[in-house]
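What follows is one structure encoded as structure tokens, with my remarks underneath.
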Amino acid sequence: MNLIDRITQFHADMRAIRRDIHAHPELCYQEARTADVVAQKLTEWGIPITRGLGKTGVVGTIKAGSSGKTVGLRADMDALPLQEHNTFAHRSTHDGKMHACGHDGHTTMLLAAAKYLSETRNFDGTVHVIFQPAEEGGAGAKAMMADGLFEKFPCDAVFGMHNWPGSKVGTFGVTAGPMMASSNEFEITITGKGAHAAMPHNGIDPVMVAVAIAQNLQTLVTRNKRPIDTAVLSITQIHAGDAYNIIPNEAVLRGTVRTFSGEVLDLIQTGMERIVEHSAKALGASAHLRFKRNYPPTINHKRETEFAIAVMQDVVGVDNVRTAIDPTMGSEDFAFMLEEKPGCYFFIGNGDGEHRELGHGMGPCMLHNPSYDFNDDLIPIGATVWVRMAEAYLPV
């Protein structure tokens, strides 16, 4: 593994920063302390900063040489509304808040890279290190862009990295094209007519309408879209009634839809509108669909993916970079940046869980788990890849 010696030398300092951030998690758009830490360190290392994009975002700008070429490297900063189960010294100090997705590690890896890039400036052009708030459902990437991210800090390409539990430390995974799915949520409100459960003919049962709609919606996945197109439609909530012997007036269904393309998403949303309206009407009820599009699919650009693969292979070896991984149905708001700029989003292996404290079961600890912890061994690996990516994209 071709790690940068200087980065391994200050690994302990970076680990301390990571654990400090882990101990003080902040939810989306509340990352004031985390942004302060980032801004303080960048300033300490002589890197000009801009704050306030997307409320709490921070951008550091590192320049060298005379080239007008630019590249953006992005890390997310926010935590999750989750109670931590760990008991180690750097566990969360805030009940109900936890860094259970590794954004503390993402922030630290990019800080480590920024420190080295500022010290050496062995590139020709401009590196923008982008510390983004509110990835966990708040669309912080979109908010930073709305505040002029790419107008104020032009980027010829942008790159993002996320840790991946279950993959060996020292490995990377990526694929060109769809990398992660779109994230969308829906709510269906069904209005019937309440009645005594012993006399259902006097009412219109919204529960049975809900059952019919739930069954019919799955035909969109199995019979309406092409079999080779990927989509998941999950009904995760059905709520109706308060008593054993009363047919309620109303029932509510909620859930999510995930796809790898806008075309498939359009097809499913249009089909849902049709099925919801006519299934309810056929049974004498009425229904309303609320459909919210959250994050678009994360789609890697071919040229930038090939570039990122070459850099990763140079750092960890060809055999340690999986170049055609199966995309995940999870979502990521870096997708908004990839809609505006060419770039690539990739995974760095977080290990099999051996780095965690004992007592939370065998095997990898998956993301959004109350006993998750970022693996600090990743810091010099991820930071080295960030540095080599900037240097390779902006060669001297």
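Every number here is computed from the coordinates shown, using simple stated rules; none is lab data. A quick note: this is a predicted structure, and the numbers were derived from the prediction, not measured. Glycine gets a Cβ as well: all are built from the backbone with ideal geometry, and neighbour counts include every protein chain shown.
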*Got a sec? How would Val232, Val59, Val321 order by Cβ neighbour count within 10 Å, fewest to most?*
Val232, Val321, Val59
*Specify the inter-centroid distance of segment 43-100 and segment 1-26, based on alpha-carbon positions, in whole Å.*
13 Å
*asked:* From the phi angles alone, apply the Karplus equation (6.51, -1.76, 1.60; θ = phi - 60°) to segment 162-168 and give each ³J(HN,Hα) in whole Hz, x where the residue is Gly or Pro.
replied: 9, 5, 9, x, x, 9, 4
_Ile246 long-range amide H proximity, modeled H, under 5 Å_ = Ala197
*Residue pairs, from the table Lys55/Lys292; Lys97/Lys225; Lys97/Lys152; Lys69/Lys168, whose Cα atoms sit over 30 Å apart*: Lys97/Lys225; Lys97/Lys152; Lys69/Lys168
*List, in order, the whole-Hz ³J(HN,Hα) value for each residue of segment 58-66 obtained from phi through the Karplus relation with A = 6.51, B = -1.76, C = 1.60 and θ = phi - 60°; use x for Gly and Pro.*
10, 10, x, 10, 10, 10, 7, x, 10
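Report relative contact order for segment 183-295 in percent, whole number only (criteria: Cα-Cα under 8 Å, sequence separation at least 6).
Result for segment 183-295 is 43 percent.
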*Out of segment 60-126, which chymotrypsin sites (Phe, Trp or Tyr not before Pro) are coil in DSSP terms and have no more than 15 other C-beta atoms within 10 Å?*
Phe88
*Just Asn86, Asn216, Asn245 to compare: in a GNM of the chain, with alpha carbon springs under 10 Å, which one fluctuates most?*
Asn245
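In what order do Arg74, Arg303, Arg91 fall by count of nearby beta-carbon atoms within 10 Å, going from fewest to most?
Arg303, Arg91, Arg74
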*Each label point is 7 Å from the Cα along the Cα-to-Cβ direction; what then is the distance between the points at Arg51 and Asp326, in nm?*
4.5 nm
*Under a point spin-label approximation (7 Å from Cα along Cα-to-Cβ), what is the Gln215-Asp5 distance to one decimal in nm?*
7.1 nm
*Virtual paramagnetic centre 7 Å along Cα→Cβ of Arg254, amide N under 14 Å, in segment 313-352*: none
*Starting from the Cα of Glu44, step 7 Å along the direction of its Cβ; do the same at Ile228; then give the gap between the two resulting points in nm.*
5.4 nm
*Amide H within-cut-off set for Gly57, under 5 Å, with H built and near neighbours excluded*: Gly52
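Would you please classify the overall shape of segment 241-388 from the alpha carbon gyration tensor, given that a ≥ b ≥ c denote the square roots of the eigenvalues, rounded means a/c under 1.5, and beyond that prolate means a/b larger than b/c while oblate covers the rest? Provide the component values of the computation, followed by the final result.
Working: a/c = 3.93, a/b = 1.74, b/c = 2.25.
It is oblate, given that a/c is not under 1.5 and a/b is not larger than b/c.
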*Taking the Cβ of Gly241 as the centre, find all other residues whose Cβ is under 14 Å away and add up their charges (Lys, Arg: +1; Asp, Glu: -1).*
-2
*Enter the Cα centre distance for the pair segment 325-351 and segment 175-245, rounded to the nearest angstrom.*
29 Å
_From phi via Karplus (6.51, -1.76, 1.60), per-residue ³J(HN,Hα) for segment 99-116 in Hz, x at Gly/Pro_ = 7, 9, 10, x, 5, 4, x, 4, 4, 5, 4, 6, 4, 4, 5, 4, 4, 5
*asked:* Taking amide H atoms as placed 1.01 Å from N in the peptide plane, list the residues 5 or more away in sequence, or in a different chain, whose amide H sits under 5 Å from that of Met98.
replied: Leu80, Leu82
*Distance between Cα centroids, segment 292-308 to segment 102-153: provide it in whole Å.*
17 Å
